[in-house]
Amino acid sequence: MSDVLVRALKDTIRDVPDFPQKGIVFKDITPVLASPRLLHDIVTWSAGQFAGEPVDEVVGVESRGFIFGAAVATQLHAGFVPARKPGKLPWDTVSVSYDLEYGSATLELHKDAIRPRDRVVIVDDVLATGGTAAAAVDLVRRLGGEVVACCFVVELGFLGGRDKLDVPVRSLLVY
Ligand code: AMP
(Lines give C-alpha, C1' and ligand atoms only; values in the text may rest on other atoms or scores of the structure.)
Protein backbone atom coordinates (compact mmCIF):
# COMPACT_ATOMS: atom_id res chain seq x y z
CA MET A 1 0.00 0.00 0.00
CA SER A 2 2.66 2.47 0.97
CA ASP A 3 4.27 3.04 -2.49
CA VAL A 4 0.94 3.94 -4.04
CA LEU A 5 0.05 6.01 -1.00
CA VAL A 6 3.36 7.89 -1.08
CA ARG A 7 2.85 8.74 -4.76
CA ALA A 8 -0.69 9.97 -4.09
CA LEU A 9 0.55 12.06 -1.16
CA LYS A 10 3.28 13.66 -3.30
CA ASP A 11 0.63 14.58 -5.86
CA THR A 12 -1.74 16.00 -3.24
CA ILE A 13 0.40 17.88 -0.68
CA ARG A 14 0.53 21.53 -1.70
CA ASP A 15 3.84 23.40 -1.54
CA VAL A 16 3.30 27.01 -0.48
CA PRO A 17 6.48 29.09 -0.96
CA ASP A 18 7.39 31.80 1.54
CA PHE A 19 4.80 30.78 4.18
CA PRO A 20 4.73 31.63 7.06
CA GLN A 21 7.92 33.52 6.26
CA LYS A 22 10.27 34.10 3.34
CA GLY A 23 12.45 31.11 2.43
CA ILE A 24 10.16 28.44 3.96
CA VAL A 25 8.32 26.09 1.58
CA PHE A 26 5.28 25.13 3.63
CA LYS A 27 3.89 21.62 3.13
CA ASP A 28 0.14 22.22 3.18
CA ILE A 29 -1.61 18.97 4.10
CA THR A 30 -5.18 20.33 4.03
CA PRO A 31 -5.85 18.79 0.57
CA VAL A 32 -4.79 15.44 2.07
CA LEU A 33 -7.19 15.85 5.00
CA ALA A 34 -9.99 16.57 2.54
CA SER A 35 -9.44 13.23 0.78
CA PRO A 36 -11.37 10.42 2.53
CA ARG A 37 -9.04 7.78 1.07
CA LEU A 38 -5.75 9.52 1.88
CA LEU A 39 -6.84 10.45 5.39
CA HIS A 40 -7.90 6.87 6.04
CA ASP A 41 -4.75 5.36 4.51
CA ILE A 42 -2.39 7.67 6.46
CA VAL A 43 -4.03 6.73 9.75
CA THR A 44 -3.99 3.03 8.83
CA TRP A 45 -0.30 3.18 7.85
CA SER A 46 0.64 5.07 11.02
CA ALA A 47 -1.24 2.72 13.35
CA GLY A 48 0.17 -0.25 11.42
CA GLN A 49 3.71 0.78 12.44
CA PHE A 50 2.83 -0.25 16.00
CA ALA A 51 0.69 -3.32 15.35
CA GLY A 52 1.09 -5.81 18.16
CA GLU A 53 3.05 -3.36 20.34
CA PRO A 54 1.44 -2.07 23.50
CA VAL A 55 0.92 1.72 23.33
CA ASP A 56 -0.72 3.53 26.25
CA GLU A 57 -0.91 7.05 24.82
CA VAL A 58 -0.46 8.89 21.55
CA VAL A 59 0.88 12.42 22.05
CA GLY A 60 -0.19 14.77 19.23
CA VAL A 61 1.77 17.99 18.73
CA GLU A 62 -0.26 21.19 18.31
CA SER A 63 -1.88 21.65 16.03
CA ARG A 64 -1.82 19.35 13.03
CA GLY A 65 -0.52 16.50 15.17
CA PHE A 66 -3.92 16.55 16.91
CA ILE A 67 -5.69 15.54 13.72
CA PHE A 68 -3.60 12.47 12.93
CA GLY A 69 -2.73 11.66 16.54
CA ALA A 70 -6.29 11.32 17.77
CA ALA A 71 -7.22 9.09 14.83
CA VAL A 72 -4.15 6.89 15.34
CA ALA A 73 -4.93 6.64 19.08
CA THR A 74 -8.37 5.21 18.37
CA GLN A 75 -6.83 2.59 16.04
CA LEU A 76 -4.29 1.59 18.69
CA HIS A 77 -6.88 1.58 21.49
CA ALA A 78 -4.64 4.12 23.21
CA GLY A 79 -5.45 7.42 24.89
CA PHE A 80 -4.75 10.77 23.22
CA VAL A 81 -2.65 13.50 24.88
CA PRO A 82 -2.26 16.98 23.38
CA ALA A 83 1.18 18.64 23.54
CA ARG A 84 0.27 22.31 23.45
CA LYS A 85 1.74 25.76 23.04
CA PRO A 86 2.17 27.74 26.26
CA GLY A 87 -0.86 29.01 28.16
CA LYS A 88 -3.37 26.67 26.49
CA LEU A 89 -3.55 23.81 29.01
CA PRO A 90 -5.70 24.71 32.02
CA TRP A 91 -4.13 22.54 34.74
CA ASP A 92 -0.58 21.93 36.07
CA THR A 93 1.95 21.47 33.27
CA VAL A 94 5.49 20.46 32.47
CA SER A 95 7.10 22.77 29.98
CA VAL A 96 10.09 22.66 27.62
CA SER A 97 11.53 25.53 25.59
CA TYR A 98 13.56 24.84 22.46
CA ASP A 99 15.18 26.60 19.52
CA LEU A 100 13.49 26.97 16.16
CA GLU A 101 15.26 27.97 12.93
CA TYR A 102 14.41 31.54 13.90
CA GLY A 103 13.68 32.27 17.56
CA SER A 104 12.39 29.82 20.15
CA ALA A 105 9.20 28.04 21.19
CA THR A 106 7.69 26.24 24.17
CA LEU A 107 5.64 23.05 24.40
CA GLU A 108 3.64 21.80 27.41
CA LEU A 109 1.92 18.65 28.69
CA HIS A 110 -0.44 18.26 31.61
CA LYS A 111 1.50 16.76 34.51
CA ASP A 112 -0.93 13.87 34.90
CA ALA A 113 -1.19 13.10 31.17
CA ILE A 114 1.47 10.36 31.22
CA ARG A 115 2.12 7.88 34.02
CA PRO A 116 5.58 6.49 34.80
CA ARG A 117 6.49 3.66 32.39
CA ASP A 118 3.63 4.44 30.01
CA ARG A 119 4.51 3.59 26.42
CA VAL A 120 4.00 6.63 24.20
CA VAL A 121 3.97 7.31 20.45
CA ILE A 122 4.47 10.96 19.39
CA VAL A 123 2.66 12.06 16.21
CA ASP A 124 3.02 15.19 14.08
CA ASP A 125 2.39 16.02 10.44
CA VAL A 126 5.87 17.25 9.46
CA LEU A 127 9.37 16.54 10.82
CA ALA A 128 11.47 19.57 9.88
CA THR A 129 14.46 20.57 12.03
CA GLY A 130 13.35 18.17 14.79
CA GLY A 131 13.29 20.71 17.63
CA THR A 132 9.56 20.31 18.23
CA ALA A 133 9.63 16.51 18.30
CA ALA A 134 12.73 16.48 20.53
CA ALA A 135 10.87 18.76 22.97
CA ALA A 136 7.88 16.36 22.96
CA VAL A 137 10.24 13.43 23.69
CA ASP A 138 11.77 15.42 26.56
CA LEU A 139 8.32 16.20 28.04
CA VAL A 140 7.19 12.56 27.94
CA ARG A 141 10.42 11.46 29.64
CA ARG A 142 10.10 14.11 32.34
CA LEU A 143 6.83 12.46 33.31
CA GLY A 144 8.50 9.03 33.36
CA GLY A 145 7.03 7.80 30.07
CA GLU A 146 8.86 5.67 27.52
CA VAL A 147 8.81 6.96 23.93
CA VAL A 148 8.17 4.03 21.58
CA ALA A 149 8.68 6.16 18.44
CA CYS A 150 7.94 9.45 16.71
CA CYS A 151 5.66 9.11 13.69
CA PHE A 152 5.27 11.67 10.89
CA VAL A 153 3.38 11.93 7.63
CA VAL A 154 6.16 13.98 6.01
CA GLU A 155 9.87 14.20 6.84
CA LEU A 156 12.00 16.98 5.38
CA GLY A 157 15.08 14.78 5.38
CA PHE A 158 17.43 17.51 4.12
CA LEU A 159 16.92 19.39 7.43
CA GLY A 160 18.37 16.50 9.45
CA GLY A 161 15.66 16.51 12.13
CA ARG A 162 15.96 12.75 12.61
CA ASP A 163 19.48 13.25 14.04
CA LYS A 164 18.01 15.24 16.96
CA LEU A 165 15.85 12.28 18.01
CA ASP A 166 17.23 9.36 20.03
CA VAL A 167 14.07 7.31 19.44
CA PRO A 168 12.86 5.31 16.42
CA VAL A 169 11.46 7.58 13.69
CA ARG A 170 8.73 6.48 11.27
CA SER A 171 7.93 8.73 8.30
CA LEU A 172 5.52 7.86 5.53
CA LEU A 173 7.00 10.28 2.96
CA VAL A 174 10.57 11.63 3.01
CA TYR A 175 11.68 14.60 0.88
P1 AMP B 1 10.57 21.46 13.54
O2 AMP B 1 11.43 22.38 12.76
O3 AMP B 1 10.80 20.01 13.22
O4 AMP B 1 10.64 21.74 15.01
O5 AMP B 1 9.07 21.77 13.07
C6 AMP B 1 8.30 22.69 13.76
C7 AMP B 1 6.82 22.50 13.53
O8 AMP B 1 6.48 23.25 12.37
C9 AMP B 1 6.33 21.08 13.32
O10 AMP B 1 5.15 20.89 14.10
C11 AMP B 1 6.02 20.99 11.85
O12 AMP B 1 4.77 20.36 11.65
C13 AMP B 1 5.94 22.43 11.38
N14 AMP B 1 6.71 22.67 10.16
C15 AMP B 1 8.02 22.97 10.09
N16 AMP B 1 8.41 23.15 8.83
C17 AMP B 1 7.31 22.97 8.06
C18 AMP B 1 7.06 23.00 6.65
N19 AMP B 1 8.02 23.29 5.76
N20 AMP B 1 5.81 22.75 6.22
C21 AMP B 1 4.82 22.46 7.11
N22 AMP B 1 4.99 22.42 8.44
C23 AMP B 1 6.22 22.66 8.92
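The portion of the accessible surface of segment 102-145 made up by carbon and sulfur, rounded to a whole percent, is 45 (1.4 Å probe; DNA, RNA and ligands excluded). Strictly over 26 Å apart at the Cα level, which of K85/K164; K10/K85; K22/K88 would you flag in this model? Checking Cα-Cα distances, K10/K85; K22/K88 exceed 26 Å.
Largest first, the three principal axis extents of the alpha carbons in the chain are 41, 40, 29 Å in whole numbers.
The residues of the chain have, on average, 49 Å² of accessible surface per residue, using a 1.4 Å probe with all protein chains present. Sorting 12-21, 37-46, 139-148, 65-74 by average packing, meaning the other beta carbons within 10 Å per residue, from highest down gives 65-74, 139-148, 37-46, 12-21. Gyration tensor analysis over the Cα atoms of segment 67-117 returns equivalent ellipsoid semi-axes of 23, 15, 10 Å (largest first, whole Å).
Sorting S35, S95 on solvent-accessible area from highest to lowest, probe radius 1.4 Å, gives S95, S35.
The values are calculated or read from the model by the stated rules, or taken from the named source; none is laboratory data. Keep in mind it's a predicted model, so treat the numbers as computed, not measured. All Cβ positions, even for glycine, are placed from backbone atoms using ideal geometry, and neighbour counts span all protein chains on display. Please note that ligands, DNA and RNA were not included when accessible areas were found on the heavy atoms of the full protein model with its side chains. Shrake-Rupley method; radii C 1.70, N 1.55, O 1.52, S 1.80 Å.
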